[in-house]
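Asks: Please read through the structure below; I'll follow up with questions.
The values are calculated or read from the model by the stated rules, or taken from the named source; none is laboratory data. Remember, it's a predicted structure, so these values are computed and weren't measured experimentally. Here the Cβ is made from the backbone with ideal geometry for all residues, glycine too, and neighbour counts use every protein chain on show.
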């Protein structure tokens, strides 16, 4: 994950692993993470696209990151 990095993987490997795991997350969480991590969109723009408040986009992002972190730790042994 771009903000904290992950264990011993290279940034490209981590990005591929994250992309592979995204479908395991529910739709709004996967969408928010994808827009934020891969397209580097601001929360306001993500909120506009999804029809939610900016605050909701932030909450969804942080909760989705926690779920993603857990999945990556369990599936790939990353310490994120």
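Asks: Residues in segment 35-54 that are in contact with a helix residue (DSSP H, G or I) (Cβ under 6 Å, 6 or more places away or on another chain) and closer than 16 Å to residue 65 by Cβ: how many?
Replies: Selection size over segment 35-54: 5.
Asks: Can you pull out the residues in segment 4-36 that are farther than 17 Å from residue 75 by Cβ and either at pLDDT 95 or above or assigned to a helix (DSSP H, G or I) (or both)?
Replies: 11, 12, 27, 28, 31, 32, 34, 35, 36, listed by residue number.
Asks: In segment 37-47, what residues are assigned to a helix (DSSP H, G or I) and at pLDDT 95 or above? Please lay out each step first, then the result.
Replies: Of segment 37-47, the ones assigned to a helix (DSSP H, G or I) are 37, 43-47.
Hits for segment 37-47 are 43, 44, 45, 46, 47.
Asks: Please go through segment 44-67 and pick out each residue that is over 13 Å from residue 28 (Cβ atoms) and either surrounded by 13 or more Cβ atoms within 10 Å (Cβ to Cβ) or in contact with a strand residue (DSSP E or B) (Cβ under 8 Å, 6 or more places away or on another chain) (or both).
Replies: Passing the criteria: 45, 48, 54, 65.
Asks: Those residues that are exposed (fewer than 13 other Cβ atoms within 10 Å of the Cβ) and free of Cβ contacts under 8 Å to residues at least 12 places away in the same chain, I need them from segment 68-80; list them, please.
Replies: 70, 74
Asks: Follow-up. Scan segment 63-78 for residues that are part of a helix (DSSP H, G or I) and over 12 Å from the mean Cα position of the chain (by Cα) and jot them down.
Replies: 73, 74, 75, 76
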